[in-house]
Amino acid sequence: MQQYPLPGEGLIPALGLGTWKSASAEVTKAVEEAITAGYRHIDCAPIYGNEPAVGTALSRAFAAGTVSRQDLWLTSKLWNNAHGPDMVQPALEKTLLDLQVDYLDLFLIHWPVLFRSDIIFARNGDEYLPLDSIPIIDTWRALEACVAKGLTRYIGVCNFSIKKLDNLCQQATIQPVNNQIEMHPYLQQPEMVKYCQANNILLTAYSPLGSGDRPKGMKKKDEPSLLDNPVIQRIATRHKVSPGQVLISWGLARKTVVIPKSVHPQRIRENLAAAGLILDAGDLEEIATLDRGYRFVDGSFFQIPGSPYTVKELWDE
């Protein structure tokens, strides 16, 4: 499995198992299957509602001797209701308890969005807090303290625009090593790729297959399908692989981390096998023409009456 270097001799596996949308009843077996198949990178978050079930899989794998803790890369995230500097460490400690481990490899700020601390997911305007009420740098300082205490090896962010990421980098003592963002052929984000490469920030691509299984309430009418795209299908046929494998290989070819989600054993193994697929220059040129700046997860669920957040301001576009 290809790995990317990080400061301090860290190595992050380029392909991981995503766990967003994986039900607790399914994710334990999915993680066990993934580890057995050869995955060494598991991406988690408390808002996914399944970290205790992931922890069950991890503890079983450790007890069986399939892997040791040091063999795995574990990522989790800080949810929108825990940005207060005094809430960051308790939130991380809860994740560690649920995952049944002593430390994370990577801890990320999930969104540059704030909820009241008593709210899991804001559904009314008064349940939001403006971003400047708890400056990101204050939250970041608390993440830096978690590194100093050995609770996480690295820290980073998710869903940050170039503007927000650059502002954080200008103030941070410990630089973010990762920005986890939506990325696929319909949303190629070349400027973000260029910025992160210039600043030694690794990109992780979520929803690399188009996230067709996400909740209906998060979907738009007449969404385009990545897996059914004629160009992707034609390349898949040419290489005798699945469209999903083409999409994963494309992400890896761009030197980004890719975290496809699945709970099906055959698909879990198929996704891992995509690491061995090498797309040629012609394939990559064809895929480059597909960019349409299209977000499947555009953050519009935060743009409700009374909310201080808009899609335009979220992405600084």
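FYI, it's all coordinate maths here, none of it is from the lab. Treat the numbers as computed from the prediction; the structure is a model and nothing was measured. In this analysis, Cβ positions are derived from the backbone assuming ideal geometry, glycine residues included, and neighbour counts consider all displayed protein chains.
Counting just the residues of the stretch 150-171 that are among the small types (G, A, S) and either surrounded by 15 or more Cβ atoms within 10 Å (Cβ to Cβ) or in contact with a Ser or Thr (Cβ under 7 Å, 6 or more places away or on another chain) (or both), which one comes out nearest to S300 (Cα to Cα)? Spell out how you get there, then give the answer.
From the stretch 150-171, those among the small types (G, A, S) are 150, 156, 161; that's our starting set.
The next check asks that each one be either surrounded by 15 or more Cβ atoms within 10 Å (Cβ to Cβ) or in contact with a Ser or Thr (Cβ under 7 Å, 6 or more places away or on another chain) (or both); those that pass are 156, 161.
On the way: G156: 23, S161: 15 Å.
By that ranking, first place goes to S161.
Looking at the stretch 172-221 only, could you name the residues that are basic (K, R) and farther than 20 Å from S300 by Cβ? Outline the logic, then answer.
The first filter runs over the stretch 172-221 and keeps only residues basic (K, R), leaving 194, 214, 216, 219-221.
Selection gives K194 alone.
Hey, which of the helices (runs of 4 or more DSSP H) in the stretch 187-302, taking only ones fully inside, have at least 3 residues that are under 22 Å from the mean Cα position of the chain (by Cα) and surrounded by 15 or more Cβ atoms within 10 Å (Cβ to Cβ)?
Details: elements: 190-198, 230-239, 243-253, 265-273, 281-288.
Filter on the stretch 187-302 gives 190-198, 243-253, 265-273.
Just for the stretch 34-73: of the residues that are within 18 Å of V258 (Cβ to Cβ) and charged (D, E, K, R), which one is surrounded by the most Cβ atoms within 10 Å (Cβ to Cβ)?
D43
As an exercise: evaluate G84 against (1) farther than 21 Å from A23 by Cα; (2) small (G, A, S); (3) out of contact with any Ser or Thr (no Cβ under 8 Å at 6 or more places or on another chain) and give the number of the one condition it does not meet.
So G84 meets the others, but not (3).
Just a yes or no: is a residue in the stretch 136-146 among the acidic types (D, E), closer than 30 Å to A14 by Cβ and in contact with a strand residue (DSSP E or B) (Cβ under 9 Å, 6 or more places away or on another chain)? Before the answer, list the steps.
First, the residues of the stretch 136-146 that are among the acidic types (D, E): 138, 144.
Filter once more, keeping what is closer than 30 Å to A14 by Cβ: 144.
Within this subset, residues satisfying the condition of being in contact with a strand residue (DSSP E or B) (Cβ under 9 Å, 6 or more places away or on another chain) are 144.
Scanning the stretch 136-146, I find at least one residue that is among the acidic types (D, E), closer than 30 Å to A14 by Cβ and in contact with a strand residue (DSSP E or B) (Cβ under 9 Å, 6 or more places away or on another chain), so the answer is yes.
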